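Chemist: Got a structure for you, questions after.
The values are calculated or read from the model by the stated rules, or taken from the named source; none is laboratory data. Note that the coordinates shown come from a computational prediction; the quantities given were computed from them, not determined experimentally. We place every Cβ from the backbone using ideal geometry, glycine too, and count neighbours over all the protein chains shown.
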Amino acid sequence: MDEATLTRIIEQVVAELAQDERPPEKPAPTPAARTEPAAPDIRMPETAGEAGCLPDITEIDIREQYLVEQPEHGEAYADLKRNAPCRLGIGKAGARYKTLPQLEFRAAHSAAQDAVFSDVDEAFIASQGLFLVQSQCDSKDTYLTRPDLGRRLSKAAADTIRERCRAHPTVQIYVSDGLSSAAVSANIPDLLPALLQGLQNYKIDVGTPFFVRYGRVGVMDEVSELLGAEVTCVLIGERPGLITAESMSAYIAYRATVGMPEARRTVLSNIHRSGTNPAEAGAHIADIIKLMLEKKASGTDLKL
């Protein structure tokens, strides 16, 4: 067999093998033969902003979000879910979360980190009629790793408070970033005026409010001793979670002293737009303070 014949045979075999490996062509299914459901028609909302971008997923109300496909008793479950902002009924893609809940989870985690590690803007503090002092922490890192320093005022802060605040007020109020700067920005514009107005309506004397940077709850004990306040109230950012990074608490104590037990504090927590409304919380805190002054007690000694 000559070389030309051998080459021709090899080329023919290779061509036949390539033909065998090619997938067979299938006729397009007719509408009657189609059994799988059509893919959902997903469109971007008109408020999505730039073309191809998702809307702000942090604005989605997860109480209204129900993503389980073909559920049993889905409407009843969705009605129950509206009563609490829990990540329930979000559906699965196989063993995994769906894309949207996963993005929402990551966005909530990022918001929580930002709330902890960012500082409240000084211009905002001034706009609320507050002057700024600082705990013994010199940075956010120190604040997170040395809680003991966050419970005490720096010498400069103590001197400034003595100079700018009136001694022996009936009630001394101050604001602190705590573990959420976002809580301060979101709630104080409504919360603080409502609280001050409520105390004014009760004709209760209030000292000069101020802001403590890098402050823990325990700073209120030193503030109480420093000014001789009858009742001290701190409005402070709570540790952020994955439901909200804007939650604030009010800790209130009657004649607080350094080293006193935590049981002497009264707490109103979950102050945010989806929890206790800030304006309503301010009015409620004023009621609590009025009762404290009448009963001369706070914490577990106070019967609300």
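Chemist: Considering only strands (runs of 3 or more DSSP E) fully contained in region 211-304, which possess at least 1 residues that are surrounded by fewer than 18 Cβ atoms within 10 Å (Cβ to Cβ)?
Modeler: Details: elements: 231-237, 248-254, 266-271.
Once the strands (runs of 3 or more DSSP E) in region 211-304 are filtered for at least 1 residues that are surrounded by fewer than 18 Cβ atoms within 10 Å (Cβ to Cβ), what remains is 266-271.
Chemist: I'd like to know if region 291-302 contains one or more residues that are at pLDDT 95 or above and in contact with an Asp or Glu (Cβ under 7 Å, 6 or more places away or on another chain).
Modeler: yes
Chemist: State the number of residues belonging to region 142-172 that are of a type outside the set (D, E, K, R), in contact with a helix residue (DSSP H, G or I) (Cβ under 9 Å, 6 or more places away or on another chain) and surrounded by fewer than 18 Cβ atoms within 10 Å (Cβ to Cβ).
Modeler: Qualifying residue count for the region: 7.
Chemist: Ok, one more. Could you look through region 58-77, keep only residues that are of a type in the set (S, T, N, Q) and exposed (fewer than 14 other Cβ atoms within 10 Å of the Cβ), and pick out the one that is nearest to residue 102 (Cα to Cα)?
Modeler: The qualifying residue nearest to residue 102 (Cα to Cα) is 58.
Chemist: Please work out if residue 206 is without any contact (Cβ under 8 Å) to a residue 40 or more places away in the chain, of a type in the set (Val, Ile, Thr) and surrounded by fewer than 23 Cβ atoms within 10 Å (Cβ to Cβ).
Modeler: Yes: the conditions hold for residue 206.
Chemist: Could you check residue 68 against (1) among the aliphatic types (A, V, I, L, M); (2) within 28 Å of residue 239 (Cβ to Cβ); (3) not in a strand (DSSP E or B) and say which number it fails?
Modeler: Every condition holds for residue 68 apart from (2).
Chemist: Let me ask another. Pull out all pairs, ordered by first then second residue, where Cβ-Cβ is under 9 Å, the residues are six or more apart or on different chains, the first lies in region 143-160 and is under 17 Å from residue 119 (Cα atoms), and the second is surrounded by fewer than 16 Cβ atoms within 10 Å (Cβ to Cβ).
Modeler: Filtered contacts from region 143-160: 144/117; 150/142; 150/144.
Chemist: I need the full set of residues from region 222-240 which are at pLDDT 95 or above and either closer than 18 Å to residue 195 by Cβ or among the basic types (Lys, Arg) (or both), in order please.
Modeler: 223, 224, 227, 229, 230, 231, 232, 233, 234, 235, 236
Chemist: Select from region 93-141 the residues that are modelled with pLDDT of 95 or more, polar (S, T, N, Q) and either surrounded by 14 or more Cβ atoms within 10 Å (Cβ to Cβ) or in contact with a helix residue (DSSP H, G or I) (Cβ under 7 Å, 6 or more places away or on another chain) (or both) and list them in ascending order.
Modeler: 128, 134, 135, 136
Chemist: Determine which member of the set 133, 175, 120, 171 is over 25 Å from residue 292 (Cα atoms) and in contact with a strand residue (DSSP E or B) (Cβ under 7 Å, 6 or more places away or on another chain).
Modeler: 133 is the lone residue from the list that is over 25 Å from residue 292 (Cα atoms) and in contact with a strand residue (DSSP E or B) (Cβ under 7 Å, 6 or more places away or on another chain).
Chemist: Which fully enclosed helices (runs of 4 or more DSSP H) of region 102-164 have 1 or more residues being within 21 Å of residue 192 (Cα to Cα), of a type in the set (A, V, I, L, M) and within 21 Å of the chain's Cα centre (by Cα)?
Modeler: 122-127
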